[in-house]
Amino acid sequence: MRIALAGLATSHPYTDARALRGDAELVVWEPDPQRLARFRDEQPDATVVPDLAALLATRPDGVVLTVPTPQVPETLAQVLDHRLPCFVNKPAAATTDQLARLEPVVSRAPELVLSSSVLRFAPDFVALDVPDEEVLAVRATIRHDVGVWATGYNPWQVDPAVGGGALVMMGLHGVELMVALRGPAVRLVGAGGATRGYPTLPSEDTAVLTVQWDDGVPGTVEVIGVTSDEAYEITVHTRDGERRVALRGGPEELGYRATIDAFLDMVRGAPSPVPWAQTRAVLTLLAQARALV
């Protein structure tokens, strides 16, 4: 099969390409010469094309889309015009305006669109099974250093109005786990952020979101962006104690490989494994939190 990588705006598509290499011929478009050069070093057999139109003209079987968030609706619309399954690397939207522009695009073919944190597909998280009626509260803690943004790397990601900053970029992992665990009937209760370790950032490096499901169960997402350790944890509180899953390690443990496998299932004809209602709930919570903070 042929898989097109539309954009290399974050580190994720490089990992995606390594996972895809054994299953597909790769075609790539990326306007930034430095990012493209890195990709060509890693994937010398990939075909490079000059723009999105040329990428789609190669007649790929599926598309991995990784562009800055404001560009997602327009770019995804062109992919869906070709009726191609598309994996949109997170976040698909970071603000309420971006989400409003994205919604009508996805509504044309939601079964062809997958956008998710890879942690949803992490094997240890998938194995977490707590009867819903036993859940008292849920907490997710995301530890991922954001110091690279303080060096000027990818300034669009840390701009609250463009990429959403740590609250969105890192907070998405925790919100995704919560919605995957208990469903999309959830609302934002509150949010806060602070700059504790990287004072030059235009947005926070530490944040918290609080949510509540329609049945009253509360949830908390903690984002720790000043840390020497990368780890993701979700804790489910029950009458009998805690059920905790800690995710760390490489692409297999964190769900990268399983995410690509799910996308390849879409390429072979399966619908998106993540209903758009869940993705919309995740993005809505994050966009509302971003506006609040």
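The values are calculated or read from the model by the stated rules, or taken from the named source; none is laboratory data. In this text the structure is predicted, and so the values were computed from the model without any measurement. For neighbour counting, all protein chains shown are included, and Cβ atoms are generated from backbone atoms with ideal geometry for every residue, glycine included. With ligands, DNA and RNA removed, areas are computed over all heavy atoms of the protein, side chains included. Shrake-Rupley method; radii C 1.70, N 1.55, O 1.52, S 1.80 Å.
Which value in deg cm²/dmol, rounded to the nearest 500, describes the helix-derived mean residue ellipticity at 222 nm for the chain, given -39,500 (n - 2.57) per DSSP H run of n ≥ 4 and division by the residue count?
So the helix-based figure for the chain works out to -10000 deg cm²/dmol.
Given a cut-off of under 8 Å on Cα pairs at least six residues apart, what relative contact order in percent is computed for region 1-87?
37 percent
Debye sum, Cα scatterers, region 207-251, no solvent: what log₁₀ I/I(0) at q = 0.16, 0.17, 0.24, 0.29 1/Å?
Treating every Cα as an identical point scatterer, log10 I(q)/I(0) equals -0.60, -0.67, -1.04, -1.15.
Using all Cα-Cα distances in region 15-121, what percent lands in each 10 angstrom bin from 0 up to the longest?
13, 46, 35, 6
For region 185-261, what does the accessible surface come to per residue with a 1.4 Å probe? Please give it in Å².
50 Å²
Kindly write out, for region 244-257 in residue order, the coupling ³J(HN,Hα) from the Karplus curve 6.51 cos²θ - 1.76 cosθ + 1.60 (θ = phi - 60°), rounded to whole Hz, with x marking Gly and Pro.
Result, ordered by residue: 10, 10, 10, 10, 7, x, x, x, 5, 5, 8, x, 4, 4 Hz.
Of all the Cα-Cα pairs you can form in region 59-102, what percent are over 13 Å apart?
49 percent
Can you classify region 242-293 as rounded, prolate or oblate using the Cα gyration tensor, where a ≥ b ≥ c are the square roots of its eigenvalues, rounded means a/c under 1.5, and otherwise it's prolate if a/b beats b/c and oblate if not?
Here region 242-293 falls in the oblate category.
With +1 on each Lys and Arg Cβ and -1 on each Asp and Glu Cβ, how big is the dipole of region 5-152 about its Cα centre, in debye rounded to the nearest 20?
Approximately 320 debye in magnitude.
Once a ≥ b ≥ c are taken as the square roots of the eigenvalues of the Cα gyration tensor of region 182-293, is the result rounded (a/c under 1.5), prolate (a/b larger than b/c) or oblate (a/b not larger than b/c)?
rounded
Angle, helix 33-42 long axis vs. longest principal axis of the chain, Cα atoms, 0 to 90°, nearest 10?
Orientation of helix 33-42: about 90 degrees from the principal axis.
Angle, helix 276-292 long axis vs. longest principal axis of the chain, Cα atoms, 0 to 90°, nearest 10?
70 degrees
So how do 184-193, 131-140, 7-16 stack up, highest first, on mean other-Cβ count within 10 Å?
The packing order, highest mean first, is 7-16, 184-193, 131-140.
Could you let me know the centre-to-centre spacing of region 214-253 and region 134-181, using Cα atoms, in angstrom?
13 Å
Quick one: P(r) of region 104-233 from all Cα-Cα pairs, 10 Å bins, percents rounded to integers, in order of increasing distance.
Spelled out per bin, shortest first, that is 12, 38, 34, 15, 1.
With a 1.4 Å probe and all protein chains left in place, how much of the accessible area of the chain comes from carbon and sulfur atoms, in whole percent?
C and S fraction of accessible area: 50 percent.
If you put +1 on each Lys and Arg Cβ and -1 on each Asp and Glu Cβ, how big is the dipole of region 171-248 around its Cα centre, in Debye rounded to 20?
Dipole about the Cα centre, nearest 20: 120 debye.
Ordering D240, D32 by accessible area with a probe of 1.4 Å, largest first, what comes out?
D240, D32
Can you pull out the trypsin sites (Lys or Arg not before Pro) in region 5-73 whose DSSP state is coil and whose Cβ has at most 16 other Cβ atoms within 10 Å?
Of the trypsin sites (Lys or Arg not before Pro), the ones in loops of region 5-73 whose Cβ has at most 16 other Cβ atoms within 10 Å are R21.
Using only the alpha-carbon atoms, what does the chain span along each of its principal axes? Please give whole angstrom values in decreasing order.
Taking the Cα atoms of the chain, the three principal extents are 55, 43, 35 Å.
Mind pulling the angle between the C-alpha long axis of helix 72-81 and the longest principal axis of the chain? Nearest 10 degrees, somewhere in 0 to 90.
Value to nearest ten degrees: 50.
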